[in-house]
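The block underneath contains the structure these notes are about, expressed in structure tokens.
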Amino acid sequence: MKTKLKILALIAIISLVIIYGKSSSYADSITVTLTNIKILKGVIRIALYNKKENFPKEGKEYKTAVVPANSYKIRYKFLDIPDGWYAIALYHDINNDGKCNKNLIGIPIEPFGFSNNIKVKFSAPKFNKCSFYVKKDVCLTIILYKK
């Protein structure tokens, strides 16, 4: 009888660890809602950064997503994100050529946006302007704009 109780107690402990044992250093998600999509063509390329020295450099992203631009409002969810500071840079790749097309002086001609809806003046904004802290689920809205 004692052996059965010990086994049941062990099963109960293991079950509790599985149910409640999710590390507190992980948020469930970052949900990005993207608005002001004017052309339902191409894809939205979203880059999530977790280091200021990498922002917003292509190939240095923490996570990326490519979402079809098939609605005037799009949501994307990044999952299993550790606690910390993050920033997002994104653009609407209308012609789906894999790059943010720019004019002769380097200004994007495709719509783009940053977390905290930071507006671009003469160059890409800094990480600290676009950053937000993740501790639990985070939901943010980014408005696409074209310079």
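The values are calculated or read from the model by the stated rules, or taken from the named source; none is laboratory data. Keep in mind that what you see is a predicted model, and the values were worked out from it rather than measured. Every residue, glycine as well, gets a Cβ built from its backbone with ideal geometry; the counts of neighbours run over all protein chains shown.
Residue pairs whose Cβ atoms lie under 6 Å apart, separated by 6 or more positions or on different chains, with the first residue in the stretch 42-59 and more than 27 Å from Y72 (Cα to Cα) and the second charged (D, E, K, R), are N54/K60.
Taking the conditions (1) assigned to a loop (DSSP other than H, G, I, E, B); (2) touching a Cys at 6+ places or on another chain (Cβ under 9 Å) in turn, N116 satisfies each one other than (1). Here is the figure for the stretch 92-113: residues that are modelled with pLDDT of 95 or more and in a strand (DSSP E or B) total 4.
Note on the stretch 96-121: residues that are under 24 Å from T33 (Cβ atoms) and of a type in the set (S, T, N, Q) amount to 4.
Among the conditions (1) part of a loop (DSSP other than H, G, I, E, B); (2) under 21 Å from K146 (Cβ atoms), K60 misses just one, which is (2). One residue stands out in the stretch 73-100 among those that are of a type in the set (D, E) and within 24 Å of D28 (Cα to Cα): the one that is surrounded by the most Cβ atoms within 10 Å (Cβ to Cβ), namely D83.
Filtering the stretch 121-134 to residues that are of a type in the set (K, R) and surrounded by 11 or more Cβ atoms within 10 Å (Cβ to Cβ) leaves K126, K129.
In the set (1) of a type in the set (V, I, T); (2) surrounded by 14 or more Cβ atoms within 10 Å (Cβ to Cβ); (3) free of Cβ contacts under 8 Å to residues at least 60 places away in the same chain; (4) in contact with a strand residue (DSSP E or B) (Cβ under 8 Å, 6 or more places away or on another chain), the condition left unmet by I109 is number (2). Here the stretch 40-72 is the region considered, the condition is being among the hydrophobic types (A, V, I, L, M, F, W, C) and closer than 15 Å to G98 by Cα, and the residue that is surrounded by the fewest Cβ atoms within 10 Å (Cβ to Cβ) is V66.
For the stretch 12-29, the criterion of being modelled with pLDDT of 95 or more, surrounded by 12 or more Cβ atoms within 10 Å (Cβ to Cβ) and closer than 21 Å to F132 by Cα is satisfied by at least one residue. Go through the residues of the stretch 32-39 one by one and say whether even a single one is under 17 Å from L140 (Cβ atoms), among the hydroxyl-bearing types (S, T, Y), surrounded by 15 or more Cβ atoms within 10 Å (Cβ to Cβ) and at pLDDT 65 or above. The answer is no, given that none of the residues of the stretch 32-39 is under 17 Å from L140 (Cβ atoms), among the hydroxyl-bearing types (S, T, Y), surrounded by 15 or more Cβ atoms within 10 Å (Cβ to Cβ) and at pLDDT 65 or above.
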